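What follows is one structure encoded as structure tokens, with my remarks underneath.
The values are calculated or read from the model by the stated rules, or taken from the named source; none is laboratory data. Bear in mind that the values here come from a model prediction, so they are computed numbers and not experimental data. Note that each Cβ is placed from the backbone with ideal geometry, even for glycine, and that neighbours are counted across all protein chains shown.
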Amino acid sequence: MNIVKAPNAGALAQLAADFFQAFIQAENNPLLTLPTGLTPLPLYRELRTRCEAGYQGLGRFTYLALDEYQGLPPSDNRRFARWLKQEILDPLGVPTQNRIIFKSDAADPEAEIKRFTEYYTGKAPIDLAVLGLGLNGHVGFNEPGSAFDSTTRLVDLTPETQETNATYWGYRQRTPTKAYTLGLSELRQAKNTMVLISGKEKSGILRRVLDGPVSEDVPATYLHDIDNVTIFAEAEALS
Ligand code: PGA
């Protein structure tokens with residue numbers, strides 16, 4: 001694992017944006033997955049700024065959803081698809097047909113998983129997985145105990161994840177209890193992975209990820225067993 005240490009969140013966004021930009025420039029319509037959460041917001045802001053400053057082509061990729069709450073109508077502001085549309089996909093000009101999302105309100109979740117998996121299988125592997133790290137070591141919504149060979153599925157969110165996610169809306173709305181997620185199997189197959197970590201509160205879990213042992217109890221420890229992983233960590237998360 002390569003570790004890139006940044007003095008603060010702004011510097012982390014710059015470094016991660018440089019990596020992202022170089023990757024998109026070097027590839028031809030790569031398949032990417034992208035995280036929601038608070039950590040990636042400075043990166044997305046930096047990419048929007050670069051776009052506005054005239055850099056063309058940052059949106060030349062296909063986006064495959066990492067995760068999504070289950071059961072929300074299209075108008076619901078909690079939908080991750082909506083977040084990412086606003087934060088990065090629309091501003092960077094990712095073509096609509098290149099956005100593969102989970103339909104949160106799909107009537108038949110099993111059929112939705114099948115549809116999504118068929119798409120993934122036809123395009124696999126992911127060229128670049130951009131990830132955050134949950135306080136409990138989750139990646140996507142692969143919560144502690146997720147099998148390293150787990151595939152795309154519907155999961156129950158832990159009370160801890162429901163609680164941390166409720167902060168996204170200032171506790172004004174509840175976190176749904178179920179979510180779709182790419183599995184650790186699909187994430188392990190990714191050709192390149194970048195993980196964004198900021199905030200002192202992540203230092204404990206980051207230490208567990210970096211020091212091991214590799215265990216399904218800390219899903220992000222799968223990163224030890226794959227190639228081309230770059231961890232972008234703010235200094236206070238590494239202390
Ligand atoms: P955060 O979420 O960026 O809001 O900390 C990370 C995650 O839960 O994956």
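General remarks:
- Entry remark, region 176-211: residues being under 18 Å from the mean Cα position of the chain (by Cα) and acidic (Asp, Glu) number 1 in total.
- Residue match in region 40-48 (condition: among the hydroxyl-bearing types (Ser, Thr, Tyr), closer than 23 Å to GLN97 by Cβ, in contact with a helix residue (DSSP H, G or I) (Cβ under 6 Å, 6 or more places away or on another chain) and assigned to a loop (DSSP other than H, G, I, E, B)): no
- Single condition GLU112 does not satisfy, out of (1) farther than 19 Å from PRO35 by Cβ; (2) surrounded by fewer than 19 Cβ atoms within 10 Å (Cβ to Cβ): (2)
- Screening GLU118 with (1) within 16 Å of the chain's Cα centre (by Cα); (2) not in a loop (DSSP other than H, G, I, E, B) gives one miss only, at (1).
Quick grid of which residues meet (1) in contact (Cβ under 8 Å) with a residue 60 or more places away in the chain; (2) touching a Lys or Arg at 6+ places or on another chain (Cβ under 6 Å); (3) polar (S, T, N, Q):
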| site | (1), (2), (3) |
| --- | --- |
| TYR171 | no, no, no |
| THR181 | yes, no, yes |
| GLN189 | yes, no, yes |
| GLU216 | yes, no, no |
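- Scanning region 191-213 for residues that are more than 16 Å from the ligand (Cβ to nearest atom), assigned to a loop (DSSP other than H, G, I, E, B) and either surrounded by 14 or more Cβ atoms within 10 Å (Cβ to Cβ) or modelled with pLDDT under 95 (or both) returns a single hit, LYS191.
- Leading residue by the ranking (surrounded by the most Cβ atoms within 10 Å (Cβ to Cβ)) among those in region 29-44 that are closer than 11 Å to ALA16 by Cβ and more than 8 Å from the ligand (Cβ to nearest atom): LEU43
- Single residue of ASP90, ASP105 found to be in contact (Cβ under 8 Å) with a residue 24 or more places away in the chain and over 29 Å from THR221 (Cβ atoms): ASP105
- Any hit, region 85-100, residues being out of contact with any strand residue (DSSP E or B) (no Cβ under 6 Å at 6 or more places or on another chain), within 16 Å of the ligand (Cβ to nearest atom) and farther than 26 Å from ARG48 by Cβ: no
- Here SER104 passes the criteria (1) surrounded by 22 or more Cβ atoms within 10 Å (Cβ to Cβ); (2) within 16 Å of the chain's Cα centre (by Cα); (3) more than 16 Å from the ligand (Cβ to nearest atom) except the one numbered (2).
- Qualifying residue in region 129-151 (condition: away from the ligand (no atom under 16 Å from the Cβ) and under 25 Å from ASN28 (Cα atoms)): no
- Just one of the numbered conditions (1) within 16 Å of the ligand (Cβ to nearest atom); (2) aliphatic (A, V, I, L, M); (3) more than 18 Å from the chain's Cα centre (by Cα) is not true of ALA22: (1).
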